[in-house]
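Student: Take a look at the following structure, please.
Values quoted throughout were computed directly from the atomic coordinates according to the rules given, and no laboratory measurement underlies them. Please read all numbers here as calculations on a predicted model, not as lab measurements. With ideal geometry, Cβ positions are generated from the backbone for all residues, glycine too; neighbour counts draw on all protein chains shown.
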Amino acid sequence: MTMRTMAVAALAGAACTSAANATLVAHWNFNDSTANSTSTQVGVLNSTGPNSGTGAMTIGGGSPVITYNTISAGTANGCVGTFGGTTTNAVGADPSGGALAITASVGANSNNPVTANGCFVTFQISMTNFIDLNVSFATRGTGTGFRSAQLAYSTDNSSFTDFGSPWDGGSSGTFFVISRDLSAVNSLDNAANVYIRLTFNGATGGGGNNRVDNVQFNATLIPAPGALALLGLGGLVSARRRRA
């Protein structure tokens, strides 16, 4: 094996090692929230920012367009708020706390018409210096809640591409994990802005709801050029010693 081949092998090995060690880029646990004293009504999300990393969360869609609830005692005035959360897919010792909750209608009354089908939650993060994005979160719902949800990605917050199969958010009354490996989507690698959108459809009753909790964005840190150069030099030195 030539010294050049050894150096290339060292660089490849470094990349493989990096790929095996995912880093938490950002996560949301929705624990900064206030439950509604009326048990059937969503509470208030006091913060929509991430609990680690940098990013933002926005909402939209529905007819009329969904809004955040601001009431913690009585009938909700928006479809998006909080219900009880979980430790499923939690980061470290995060407590169960709250979860992001979306109701099929304002006030979550079974007599209300469904107005939130087609609504979406969009998470914005930076993938600068990262590759191989993986998204995971815990979810649960009710039988008349959103029975078809879809993840999509974008780098401009305008043109979104669906990724993976839809999931049935109302199939279980207990939390389960959804995970999507987007490592094959090269356009997300090292992108300054990445947008991950969750779109909800299929609700059949105004009292239905879905919850999403412990949203994690994990990726592989790109090794610094200096570190790769040192590894390559190490391969050359090693080759020379073996040939001596």
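Student: In the range 88-234, what is the volume of the convex hull around the alpha carbon atoms, normalised per residue and reported in Å³?
Tutor: Each residue corresponds to 123 Å³ of Cα convex hull volume.
Student: Be a star and scan the range 146-169 for residues whose amide nitrogen sits under 18 Å from the point 7 Å along the Cα-to-Cβ vector of S63.
Tutor: 146-148
Student: Can you compute the FRET efficiency between T23 and S96 using 1/(1 + (r/R0)^6), with r the Cβ-Cβ distance and R0 = 22 Å? Round to the nearest 0.05.
Tutor: 0.35
Student: Please list the non-local residues whose amide H lies under 5 Å from the amide H of S52, H modeled 1.01 Å from N, same-chain partners needing a gap of 5 or more.
Tutor: H27
Student: Okay, moving on. If each of T161 and S37 carries a label point 7 Å out from its Cα toward its Cβ, how far apart are those two points in nm?
Tutor: 5.0
Student: Next up: Please give the Cα centre distance for the range 66-139 versus the range 152-195, rounded to the nearest Å.
Tutor: 15
Student: Sticking with this one: Need one number for the range 46-149: average projected area of the convex hull over its C-alpha atoms, nm².
Tutor: Computing the convex hull of the Cα atoms and averaging its projections yields 7.9 nm².
Student: Still on this model: Quick one: what do you get for the range 121-196 if you divide its Cα Rg by 2.2 N^0.38 Å?
Tutor: Taking N as the residue count of the range 121-196, the ratio is 1.19.
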